[in-house]
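Below is one structure, written out as structure tokens; the observations come after it.
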Amino acid sequence: MFRVHGTNIPTFVAKVREYNDTYSLPSAIRMAMDYCIEHDILKDFFTKERKAIYMYSLFEYNQKGHMKVIREEGREEGLEEAAINTIIFGYEDGLSNEAIRDRLKKAYKYSDEKIDKLFAIADSKIKKM
């Protein structure tokens, strides 16, 4: 975040998080700045740089949220790919569909509907081999 010597920036961040539990992120940022100004926490800094702090904070929080979503999506894609490989290798090892399903349920905790979709994807990949 901003580099200001001897700061209470953690107070600002804590207030944004606190207010964001109840209010939208833009409102939470504005309220946290108001709180800091009212409590003489970097009052001059928040007063002079209000717009820049607001824009930077909004961008920073949105970027972190976006990156979290991307990581979660990537993790899910990786798990699905591993499950598909489990199906393909299960076929290669001569396992029955039921045995493969049991493995997927135990290892990945997937529903029958999700497993059906994964079998369809695996079958499609096998046909392309």
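A short reminder: the numbers here are calculations on the coordinates, not readings from a lab. Only a predicted model underlies this, so the values are computations on that prediction, with no experimental measurement involved. Note that we place each Cβ from the backbone using ideal geometry, even for glycine, and neighbour counts take in every protein chain shown.
Are there trypsin sites (Lys or Arg not before Pro) in region 93-129 that DSSP marks as loop and that have at most 15 other Cβ atoms within 10 Å, and which are they? In loop regions of region 93-129 (DSSP not H, G, I, E or B), the sparsely surrounded trypsin sites (Lys or Arg not before Pro) are LYS109. Pairs of Lys residues in the chain, spaced 8 or more positions apart or belonging to different chains, with C-alpha separations under 19 angstrom: 13 in total.
Using Cα atoms only, what is the angle between the long axis of helix 112-128 and the major principal axis of the chain, expressed in degrees (0 to 90) to the nearest 10? Helix 112-128 sits at roughly 70 degrees to that axis.
The charge dipole of region 70-129, taken about the Cα centre with unit charges on the Cβ atoms of Lys, Arg (+1) and Asp, Glu (-1), comes to about 60 debye, rounded to the nearest 20.
Helix 25-38 and the longest principal axis of the C-alpha atoms of the chain enclose an angle of approximately 30°.
Tell me, MET33, MET55 in order of fewest to most beta-carbon neighbours within 10 Å? Walk me through the numbers on the way to the answer.
On the way: MET33 23, MET55 11.
Exposure proxy ranking, most exposed first: MET55, MET33.
Indicate the gyration tensor shape class of the chain (rounded, prolate or oblate), computed on the Cα atoms with a ≥ b ≥ c the square roots of the eigenvalues: a/c under 1.5 is rounded; otherwise a/b larger than b/c is prolate and the rest oblate. It comes out prolate by the Cα gyration axes. From the Cα gyration tensor of region 70-129, with a ≥ b ≥ c the square roots of its eigenvalues, which class applies: rounded if a/c is under 1.5, or else prolate if a/b is larger than b/c, or else oblate? Oblate, since a/c reaches 1.5 and b/c is not below a/b.
Helix 50-92 and the long axis of the chain differ in direction by around 10°, with both axes built from C-alpha atoms.
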